[in-house]
1. Going by the conditions given, is B:Asn598 in the same structural domain as B:Arg684 (by TED's automatic domain parsing), surrounded by 19 or more Cβ atoms within 10 Å (Cβ to Cβ), under 23 Å from B:Asp399 (Cβ atoms) and in contact (Cβ under 8 Å) with a residue 60 or more places away in the chain?
2. Any residue at all in region A:636-648 that is more than 12 Å from chain B (Cβ to nearest Cβ) and surrounded by 18 or more Cβ atoms within 10 Å (Cβ to Cβ)?
3. With the condition kept exactly as written, say whether any residue in region B:211-223 is at pLDDT below 95 and farther than 30 Å from B:Lys19 by Cβ.
4. Scan region A:442-456 and tell me whether some residue there is surrounded by fewer than 20 Cβ atoms within 10 Å (Cβ to Cβ), of a type in the set (D, E, K, R), part of a loop (DSSP other than H, G, I, E, B) and at pLDDT 95 or above.
5. If you go through region A:690-699, how many residues are among the aliphatic types (A, V, I, L, M) and facing chain B (nearest Cβ under 10 Å)?
6. Report, by residue number, each residue of region B:612-638 that is under 17 Å from B:Glu668 (Cβ atoms), at pLDDT 95 or above and among the polar types (S, T, N, Q).
7. Hey, can you tell me all the residues within region B:279-328 that are among the polar types (S, T, N, Q) and part of a strand (DSSP E or B)?
8. Considering each residue of region A:405-423, count those that are buried (at least 23 other Cβ atoms within 10 Å of the Cβ) and within 14 Å of the chain's Cα centre (by Cα), and give that number.
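The values are calculated or read from the model by the stated rules, or taken from the named source; none is laboratory data. The structure displayed is predicted, hence computed values, not measured ones. Reconstructed Cβ throughout: ideal geometry from the backbone, glycine too, with neighbour counts over all protein chains shown.
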Number of protein chains: 2
Amino acid sequence: MSKFSLYPVTLDGLDIEAKREEIRAYFHNTYDIFEKIFEVLKSDEIFYQKSEPTRHPMIFYFGHTATFFINKLVYMKIIKERINSEFESIFAVGVDEMEWDDLESSRYKWPKVEDVREYRKKVRSLVDGLISSLPLTLPITQESPIWIILMGIEHERIHIETSLVLHRQMPLKNVKEVREFNICPHSSEAVKNEMIKIEGANVVLGKDKSHNLYGWDNEYGKYSQYVDDFKTSKYLVSNGEFMEFVKDGGYENEEFWDDEGRKFLKISGAKHPTFWVFENGKFRYRTLCKLIDMPLDWPVDVNALEAEAFCRYKSKKDGVFYSLPSEAEYRLIYDYAGLRDIPDFHESRANLNFYHYFSSCPVNEFGFNGIYDVVGNVWQWSRTPIFGFEGFEVHPAYDDFSVPTFDNRHALILGSSWASSGNLIMKHSRYAFRKHFPQNAGFRYVVSNSDIKIEQDVYESDELVSQYCEFQYGDAYLGVKNFAIECAKIASKFVKNYTKALDMGCATGRTTFELAKSFNKVEGIDFSARFIGVGVKLKNEGYIAFSSKTEGDLVQKKRVSIEELGYEKVKEKVSFWQGDACNLKPNFNSYDLILATNLIDRLYNPKLFLESVHNRLNNEGVLILTSPYTWQESSTKKEFWLGGYRDESGKEVKTIDTLKAILGKNFELLHVEDREFVIKETARKFQHSVAEVSVWRKK
Amino acid sequence: MSKFSLYPVTLDGLDIEAKREEIRAYFHNTYDIFEKIFEVLKSDEIFYQKSEPTRHPMIFYFGHTATFFINKLVYMKIIKERINSEFESIFAVGVDEMEWDDLESSRYKWPKVEDVREYRKKVRSLVDGLISSLPLTLPITQESPIWIILMGIEHERIHIETSLVLHRQMPLKNVKEVREFNICPHSSEAVKNEMIKIEGANVVLGKDKSHNLYGWDNEYGKYSQYVDDFKTSKYLVSNGEFMEFVKDGGYENEEFWDDEGRKFLKISGAKHPTFWVFENGKFRYRTLCKLIDMPLDWPVDVNALEAEAFCRYKSKKDGVFYSLPSEAEYRLIYDYAGLRDIPDFHESRANLNFYHYFSSCPVNEFGFNGIYDVVGNVWQWSRTPIFGFEGFEVHPAYDDFSVPTFDNRHALILGSSWASSGNLIMKHSRYAFRKHFPQNAGFRYVVSNSDIKIEQDVYESDELVSQYCEFQYGDAYLGVKNFAIECAKIASKFVKNYTKALDMGCATGRTTFELAKSFNKVEGIDFSARFIGVGVKLKNEGYIAFSSKTEGDLVQKKRVSIEELGYEKVKEKVSFWQGDACNLKPNFNSYDLILATNLIDRLYNPKLFLESVHNRLNNEGVLILTSPYTWQESSTKKEFWLGGYRDESGKEVKTIDTLKAILGKNFELLHVEDREFVIKETARKFQHSVAEVSVWRKK
């Protein structure tokens, strides 16, 4: 690679064939870099090691970015055939340390590295072909099938950044130096920081749908806020500047840490930043693959909790209130610096896009109008938790990219790092992590009077999830009983053993909890983490809040607690997982009951689920399906419908008959009945359906 | 104009600014030609004359093509302000001689020609501006706002063609020759026709959404049919060839005419083709503006009934069965001729696009591989009634362009004429007229064994209309009574006089009929002729047929007769009209009742309707509104919602309060109640709503 990392393609242009070639180059460049960084792992055995006990072994990430392309393309019905359904289930989810991530590695048999390499080649060739053949008009919009390719590329760029963090966390014995990955060769004494005044102004954040660069859902929309005058540090906090805090006992003094920080200290036992190594009486510094003498003028790498603790420490010392910058303040710093968005920003001007180094560099190397490292070098933690701008909408291909992070616990990181490229270095990008996560991130501090007031209860602003909360946890309408509870009741009538139940397509989880009243263990699985988050929140925080539409945009706010629902005692039996019913991981098995309420007519290929579901049931296990058979092309391509069409001879095919044909081999049909359910759209409009409930016992 | 008529723009391309200029040139060319052809009217007074008693005076058409742009742009929410709401209501509908066309001219005060000219200028300038400013990406698709501009242009091209027919029907004293409108200067003796064999083949009709030329809704989709070998006449039937039929007493001999033909003869008193004039013992020929000696070798202009009569006459004489070609047979003639679609077809090769003449020309002037006038000269009537191809979908901006013609009574015309341009001369275009309509049309005959079997009941294939038929005329579901009947019952409780009622937003007309049980006269108005057609069909044909979805694509077919509904005795009190509640023609007034069921939350600007509705009521007249207040941006831009939002002070605004505020000035609120209604989507899924019914008496 002469130029290591390419800048992302723009969405507009005039020449379609040229645009295909740009996308192709950008795709291969991304795929190449991703594979290249795995060369730091000393041998294939290392792929099965974890960098962090709470994360997957590296083989997961190695497969994950390739399966992502296939899973999204299948889900969006752009391709019909999988390449390897096993890989595409086990490498599918579990990157974010979310409640529902399945990190119990012993549950999988990880494939051979060689096989994953082969698999990656097949995906590369398939995506390359699609770049030639998919319909393409300019500008590319979110509705374009090629957007899914760009999504896969940008997703892989994120994993280039985060995998480099994981590699850097690997014990030195597991990694080797790679010639192309040049560490910055110079460092010097710590530079003295100083404060620079930034004038207040009204700040407008968010980008328009017509913007000519790829964006994730959280970037679009609009947010405006008046920001008062404030001061910002000229440099990022260097190792040298942070050293004072460490030497002054900052990690031992609880007064500098909040609850979450103290919890982090307790669990991690941290006494200093994670990439510092105390050796022979002094601190050394871990780069990607080797230990070097402490570069005092490079930025310190810390998590948000450590950064906040430093601010408290320095505030006490100086008698001035320091904090991390807010997202809006950072935009004023960006403007003050006179920065331009890529591609107009030349990459030589900052430590990013792998242009200079595969490491940090001195905090006084790249300045912009007197402020240094406004972009590049290391990310800068902010005090703003990520939230959705006004007009926020999820992208249908990746509806849980952002929403589960809108929980007040994910802090935005600003500005990008030496390992950032693609969307990560765009002006409008917004990434957020849990505060205890290590990233290629440090911080700068500000003196500011502005408060952050983001009051969000994510599910109040997520219309579809709120509608489902109302359906499962809200009031009864039109005299129809709560469907989630009724389904659980029917289930307990037909089941013989109560060891373990699966609520497949659990949505917001009401039936999962309800089943826990009779079962010893209940697993709820849903495709979307947006929905799962509700059940998890109810279990962990003891309540959920949502909004119920009344008229137009007007809503009634509702809050339900675990006590009033009566699940306090059963909640520990319940767990939620993200998964695809058409390609479920092998470890989900040995159930006495599998309940799939209103699921089959929403699957992209329901036959895949039905043909293998018996394998996951114990002897005499029961499968219960409920569905109004509302087949629609937006969910299921016509060729995969189980009914609602005429066959070649002109005969009407009904879903119940197809169910009998598919399930008949392995199940006995015990019972069929109709059950109504009502989903409230507004105070005066309801979807009123009649599901057919069919109960099947494994032969 | 150096080149009289431009070829239409293609939808694809690479240069957006260049495409804007192409569209601009094409728009002005269209607008210019349309205005130019009105120069044949001798003076402004003539604009108030009718060419045919069953049509509007010419002033209507002069205004109509300009108001079309504005009405469609307003409806599609591309512009917010009207230019002249009076013009845009009186010039809005009534071109097709449909049951619901309001042709009672005495009901309007037609504006001055000068004012309409001024109005046309304003529209020209607005559209020109939009061509510069509307968002434009290539290729242009049906969803693009610029599509509405193209729709307006192609609509005007149609009226160029049909207005030229009307001008030609004007008495000679009313018209004058225009220098640029050159009549073909040559003619000769009749040429002897002969038959040419065409080989059978499978024919596939219909174009793809991605086709690079503008299309009307009826052109898209797919239809395939095997066509047997057949023979076609080499030439169109000339005046000379048709003369035999006339001289043999063809117009007097009923055996050559079917029922519809005999009815035409009786009403029209026709003894010969409409543009023949019998003068001093011989036939002369009417061109656009003058009478000329009979050009025996030019094609005869006849309607479909005359063409069919000729075929029967010739069949009897020759002992061979002649008929008009089917649409599929014509495609084989087209292929045999080796024709290419525009823009690859050079306009010099045929008598079309005003390239050669403003009249017909000899039938042996333009040949294609031995067959003459396959395109151009005059349209050719076919024996195929227009129908929707598989996959037919209406365009939301013009949902009743085609559907009301899918009635087995509109015959397709093929091939285009000297007066055709734009979409009219495209390979895939499909136009159909009632069989008694004069057009620039003649015919060629074929000897064919193929039958035409198009069984269509339009409303069976129109999902939305069928759903509404089921709602108004179908079964009751979920125990909720028929809403259309219940609304009529409520109305009769509160009304004092029963002279005349208006069912505003009548949809498929059930309430209109129901009200006729108590009112002397009931008018049903709806925006869409697709819906009105149901009520009209019930009134005229005594039944309606529709389909009711059960599961997926499966349907149950239903048929309801006027006898079982009990409307046989009241049907004459009922009439249906097309109209826009937000810009209703002034002649709809003097009602004792105005009922608007589930209308206000579907209007683009409901306030316009509500603020003036009292003017249309008699003293003590009653207004009844029913609505579930389901405000949605797709129907009503948020700024026009009557409720369902918070005002600037944060206060919730509810629709009922806004209704009280708007209507309170002129009405007393008599009564409010809730009424449920259920719309069936499938056998297992229903929209179940609760409308608020409010009854208002005019103060």
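1. The answer is yes for B:Asn598.
2. No: region A:636-648 contains no residue that is more than 12 Å from chain B (Cβ to nearest Cβ) and surrounded by 18 or more Cβ atoms within 10 Å (Cβ to Cβ).
3. Taking every residue of region B:211-223 in turn, at least one turns out to be at pLDDT below 95 and farther than 30 Å from B:Lys19 by Cβ.
4. Within region A:442-456, not a single residue is surrounded by fewer than 20 Cβ atoms within 10 Å (Cβ to Cβ), of a type in the set (D, E, K, R), part of a loop (DSSP other than H, G, I, E, B) and at pLDDT 95 or above.
5. Step one: list which residues in region A:690-699 are among the aliphatic types (A, V, I, L, M), which gives A:690-691, A:693, A:695.
Narrowing the set further to residues that are facing chain B (nearest Cβ under 10 Å) leaves A:690-691.
The qualifying residues number 2.
6. The answer is B:Asn615, B:Asn618.
7. Residue satisfying the conditions is B:Ser323 alone.
8. Within region A:405-423, residues that are buried (at least 23 other Cβ atoms within 10 Å of the Cβ) and within 14 Å of the chain's Cα centre (by Cα) number 4.
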